[in-house]
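All of the numbers you see were taken from the coordinates with simple rules; none came from a lab. Because the structure is a prediction, the values reported are computed rather than measured. A quick note on method: Cβ atoms are made from the backbone with ideal geometry, for glycine too, and the neighbour counts reach across all protein chains shown.
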């Protein structure tokens, strides 16, 4: 990693540490590719920070430090989502990958909003140009999200598609998350997800891991291992991260 990117990473970690001093309880929704049918509360900022991510493909390693998703509640049941990754592929310089800005709206409240039944949400928005060669155009993505509960499990189903940053190729994405509470503040989690696009091999993979809220803490830690199922996915992946949130308006 270059000296400049090292300074940037240090600044992000310093900012994270300072924000933790005033963080409130967050749901803790890393380490998934898919998402749930819930949004941040109005005027609340939720930060999902992957402070260490490693992908291994064909015997080579790609480090992704950091991976950041920002969720800001605009009004009830509506948030704006921003995301990006800083990756260091083997033999290449540091790259900004997969940036995007999305609107996420809960169309039907469910158990995640303390209501009866399943919840449904949509998330749509542009895929912004990255610094990766061949992926410097605008794209678009939209997904539908269904969250439900089958005691003792919680599940989240995702399905959608769009056009990519390369040649405006159409693609289809899907995913399913399953969560199992084991102890207070500790969940075992799993995910299967994939992406298929015209002219590219499918990117299908699965994940197993956990999400833990440390005792008397107001943030969530996560760790997971991912295994690729198809030729377009990395062979293996490993991730460590945390999620926390805080209000952006002063308390009355």
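For a test of the definition: using alpha carbon positions, the gyration tensor, and the 1.5 limit on a/c, classify region 118-252 as rounded, prolate or oblate. List each step's numbers first, then the result.
Details: a/c = 1.80, a/b = 1.48, b/c = 1.22.
Because a/c hits 1.5 or more and a/b exceeds b/c, region 118-252 counts as prolate.
Can you pull the one-decimal nm distance between simple spin-label points at residue 92 and residue 227, each 7 Å off the Cα toward Cβ?
Label-label distance for residue 92 and residue 227, simple model: 2.7 nm.
Classify region 60-111 as rounded, prolate or oblate from the Cα gyration tensor: take a ≥ b ≥ c as the square roots of its eigenvalues, call it rounded if a/c is under 1.5, otherwise prolate when a/b beats b/c and oblate if not. Spell out each step's value before the answer.
Numbers: a/c = 4.35, a/b = 3.08, b/c = 1.41.
Verdict is prolate for region 60-111.
Run the simple label-point estimate for residue 54 and residue 167 please: 7 Å along Cα→C-beta, distance reported in nm.
Here the modelled spin labels are 3.6 nm apart.
Between residue 210 and residue 188, what length in nm is gained on full extension when 0.36 nm per residue of separation is reduced by their alpha carbon distance? Intermediate results must be reported in sequence, preceding the final value.
On the way: separation 22, 0.36 × 22 = 7.92 nm, distance 0.45 nm.
7.5 nm is the gain from fully extending residue 210 to residue 188.
Specify whether the C-alpha gyration tensor of the chain places it in the rounded, prolate or oblate class, a ≥ b ≥ c being the square roots of the eigenvalues: rounded for a/c under 1.5, otherwise prolate if a/b is larger than b/c and oblate if not. Kindly include the intermediate steps, with their values, before the conclusion.
Working: a/c = 1.40, a/b = 1.20, b/c = 1.17.
Because its axes are fairly even, with a/c under 1.5, the chain counts as rounded.
Tell me the relative contact order for region 3-247 as a rounded percent, counting alpha carbon contacts under 8 Å between residues six or more apart. Display every interim value, and only then the final one.
On the way: 704 pairs, mean separation 49.9, N = 245.
So the answer I get is 20 percent.
What length, rounded to one decimal in nm, is gained on full extension from residue 149 through to residue 103, with 0.36 nm per residue of separation minus their alpha-carbon distance? List each step's numbers first, then the result.
Working: separation 46, 0.36 × 46 = 16.56 nm, distance 2.47 nm.
Here the segment from residue 149 to residue 103 would lengthen by 14.1 nm.
Report the Cα centroid-to-centroid distance between region 179-252 and region 123-154 in angstrom, as an integer.
14 Å
Can you pull the one-decimal nm distance between simple spin-label points at residue 178 and residue 41, each 7 Å off the Cα toward Cβ?
3.3 nm
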